[in-house]
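Chemist: Submitted below is the structure of interest, expressed as structure tokens.
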Amino acid sequence: MNELAAPRLHIAPMSATTIEKVRELELLVATLSQLSIPTDHAFHAGVYARTVMVPAGAVITGVLIKIPTLLIVNGDAVLHTERGPVEVHGYNVIPAAAGRKQALVAITDTHLTMIFATAARDIDAAEREFTDETDMLMSRKEA
């Protein structure tokens, strides 16, 4: 029966070339009008979760993630992966490797939640755990 099931999506580590493509997109997107996308943070039972809602039609890029996480995508979007663009629809829980820098185009309003186990007790420590690019995080720019 397993051969009939669709393979589960996972996000693999990205090559330096693929990460550079996301960085190039990031430079292009930075020349456009910027959205404010608030981040919701939650700590519970040794787990940290951060959630954003990306409005339909928006293009976002993320920081370089240095640890494995789960990524929950709820909506319709195109994700940039090592193997190229992947369209996702509905509710998806995606294992995502360390060594990735995501780009996403939201087709509909799309909620993204990144989750990982941590001993961090505050947002700053959790953010430093998953990236060395904390200065680029929207949550650092929120009032």
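Chemist: What about residue 80, is it within 16 Å of residue 139 (Cβ to Cβ) and either in contact with an Asp or Glu (Cβ under 9 Å, 6 or more places away or on another chain) or not charged (D, E, K, R) (or both)?
Modeler: Judged against the criteria, residue 80 is not a match.
Chemist: For the stretch 103-122, which residues satisfy the criterion of being part of a strand (DSSP E or B) and among the aliphatic types (A, V, I, L, M)? Lay out the reasoning, then the answer.
Modeler: Quick first cut of the stretch 103-122, residues part of a strand (DSSP E or B) only: 103-106, 110-117.
Across the stretch 103-122, the qualifying residues are 103, 104, 105, 106, 112, 114, 115, 117.
Chemist: Same structure, new question: Being more than 13 Å from the chain's Cα centre (by Cα) and not hydroxyl-bearing (Ser, Thr, Tyr), is that true of even one residue in the stretch 90-100?
Modeler: Yes: the stretch 90-100 contains one or more residues that are more than 13 Å from the chain's Cα centre (by Cα) and not hydroxyl-bearing (Ser, Thr, Tyr).
Chemist: Select from the stretch 71-85 the residues that are at pLDDT 95 or above and outside any strand (DSSP E or B) and write down the one among them that is nearest to residue 21 (Cα to Cα).
Modeler: Within the stretch 71-85, the match that is nearest to residue 21 (Cα to Cα) is 76.
Chemist: Please go through the stretch 86-102 and pick out each residue that is hydrophobic (A, V, I, L, M, F, W, C) and assigned to a strand (DSSP E or B).
Modeler: Hits for the stretch 86-102 are 86, 88, 93, 94, 96.
Chemist: Could you tell me which residue of the stretch 114-142 is modelled with the lowest pLDDT, considering only residues that are closer than 13 Å to residue 64 by Cα and of a type in the set (Asp, Glu)?
Modeler: Restricting to residues being closer than 13 Å to residue 64 by Cα and of a type in the set (Asp, Glu), the top hit is 135.
Chemist: Right, something else. Would you pick out the residues in the stretch 87-102 that are among the β-branched types (Val, Ile, Thr) and either surrounded by fewer than 16 Cβ atoms within 10 Å (Cβ to Cβ) or touching a helix residue (DSSP H, G or I) at 6+ places or on another chain (Cβ under 8 Å) (or both)?
Modeler: 93, the sole residue that qualifies.
Chemist: On to the next question. Those residues that are exposed (fewer than 13 other Cβ atoms within 10 Å of the Cβ) and of a type in the set (S, T, N, Q), I need them from the stretch 26-51; list them, please.
Modeler: 31, 33, 34, 36
The values are calculated or read from the model by the stated rules, or taken from the named source; none is laboratory data. In this text the structure is predicted, and so the values were computed from the model without any measurement. FYI the Cβ positions are ideal-geometry reconstructions off the backbone, even for glycines, and counts take in every protein chain you see.
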